[in-house]
Number of protein chains: 2
Amino acid sequence: MKHISSGEINQMEQRARARLINSLSGFKSANLIGTKDYSGCSNLAIVSSVFHLGADPALIGMIIRPESVPRGTLSNIKQTSSYTINHVSTLIYRQAHQTSARYDADVSEFKEVGLTEEYLDGIFAPFVEQSQLKFSLLLRQVTPLAINGTVLVIGEVEHIIVDQHCIKDDGYLDIESLESVAISGLDSYHQTQRLDRLSYAKPDRELDSLPLEGR
Amino acid sequence: MKHISSGEINQMEQRARARLINSLSGFKSANLIGTKDYSGCSNLAIVSSVFHLGADPALIGMIIRPESVPRGTLSNIKQTSSYTINHVSTLIYRQAHQTSARYDADVSEFKEVGLTEEYLDGIFAPFVEQSQLKFSLLLRQVTPLAINGTVLVIGEVEHIIVDQHCIKDDGYLDIESLESVAISGLDSYHQTQRLDRLSYAKPDRELDSLPLEGR
């Protein structure tokens, strides 16, 4: 086993350090954030920092790095309070990655990378038509984190659009069947293979495997 | 495609709703949080909300749900400012899941689930010996999120212990080769298969596949 001290981390070349530290947290979600400003210019940005915050109310958090995410995303969310989160699948991960290029502010990443805007009555922000699991959010909170200048964005889930076949009887969504991908580090994309669903853990009780359908 | 409105979400049975909402964010990291209190009682808790916050300084965030994560974890972190994050692999995911059982406060989950405490000079919190990628953190910030009573814990990476073979020339860690797992929903564990590493995206330039070693 290799030991790496904080002193050695501090001395690493900047990009190597970014690759190393970005690998530490484990597998990350791969999502496209869809937004639009009031002049009608849409924006699409891949984000690997979307996380579950709570089920009741249904809250999703994400970390935005103002200097690295396409500038439109955060300002559009603040302006309109509306955004969508769209799963990235094996079919669209290359287009999704391409949204991280620094396009000019008046350019829509949808068009540049070849993904299609999809609109739903009453929801301002665009969905990604090609995504098989997507949902709109209403902005609840934008909290700058003084510790490193990133921003914590929290939204409440408004409307979910999902392939019917992945909804299991107990509420679980089989996102593996949608071929949703995971990210490691800055640039590696992975598909998944289920090991098991496990029963709710209790002291002094053996874990059971759950059927995919739940029970 | 199935549409689910916020009204329908609100009316769902509580556990089905938790499974659904927990599935929305995509694949999640699987990590074990190792802590110890000053009386010497160790604690181990699986957490699926660890996320990358920044590389310089090297910061990792996680969301703790005070009422659901074994009570010791957050109080130990606050008391000692020391904790470890240990990747969950295919070899230990069942033991890792079992740490979520509600053991009494004076019981060590290490012993109950059959994982081994490992100590490093100068670091108070225990690592998980069986984990192939683990690191210690120094607590930087504990921020209660008023919106739903969860707590955002931010720590700075102190010391990394990792299987030498997974370190690539450009700094990337091949966590797939360690068989680190991903979680979906509340209870589903997945191993991964790499699709590709992709080059840094630029406007008007085709993406390249990167060799696993980087370049």
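Please treat every number below as a calculation from the coordinates, not as lab data. Small disclaimer: the values here were computed from a predicted structure and weren't measured. Please note: Cβ atoms are built from the backbone with ideal geometry, for glycine as well, and neighbour counts cover all protein chains shown.
Tabulated data
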quantity: Partner chain coverage, peptide A:176-188 - average Cβ within 10 angstrom; calculated: 6
quantity: Computed FRET value (nearest 0.05) for B:SER5 with A:LEU139, which takes r as the C-beta separation and R₀ as 22 Å; calculated: 0.75
quantity: For B:SER100, distant residues with modelled amide H under 5 Å away; calculated: B:ILE46
quantity: Pairs of Cα atoms farther than 25 Å apart, chain B, %; calculated: 44
quantity: Inter-copy spacing of A:ARG102 label points, which lie 7 Å from Cα along Cα→Cβ, given in nm from shortest upward; calculated: 5.2
quantity: Note, ³J(HN,Hα) from phi for the stretch A:179-189, Karplus 6.51, -1.76, 1.60, rounded to Hz, x at Gly and Pro; calculated: 6, 4, 9, 10, 10, 10, x, 9, 8, 9, 10
quantity: Amide hydrogen neighbours beyond the local backbone of A:ALA58, cut-off 5 Å, H modeled; calculated: A:VAL157
quantity: Using a 7 Å Cα-to-Cβ projection, B:LYS2 label spacings across copies, nm, ascending; calculated: 4.5
quantity: Label spacing, shortest first and in nm, from B:LEU139 to its equivalents in the remaining copies (7 angstrom along Cα→Cβ); calculated: 3.3
quantity: Distance violations [Cα-Cα > 25 Å] among B:LYS111/B:LYS168; A:LYS202/B:LYS28; A:LYS28/B:LYS134; A:LYS36/A:LYS168; B:LYS28/B:LYS168; B:LYS111/B:LYS134; calculated: B:LYS111/B:LYS168; A:LYS36/A:LYS168
quantity: Within-15-Å neighbourhood charge of B:GLU129 [Cβ basis; K, R +1; D, E -1]; calculated: -1
quantity: Structure-based [θ]222 nm, the protein assembly as shown - -39500 (n - 2.57) summed over DSSP H runs of at least 4, per residue, nearest 500; calculated: -4500 deg cm²/dmol
quantity: Positive minus negative residues near B:LEU120 (Lys, Arg vs Asp, Glu; Cβ under 15 Å); calculated: -3
quantity: Highest-first arrangement of B:208-214, A:131-137, B:129-135, where packing means the average Cβ count within 10 Å; calculated: A:131-137, B:129-135, B:208-214
quantity: Shielding by other protein chains, A:203-209, mean Cβ within 10 Å; calculated: 3
quantity: Spatial separation of Cα centroids for the stretch B:58-115 and the stretch A:106-139, in angstrom; calculated: 38
quantity: Sum of side-chain charges, A:ILE147 neighbourhood, beta-carbon under 14 Å (Lys, Arg +1; Asp, Glu -1); calculated: 0
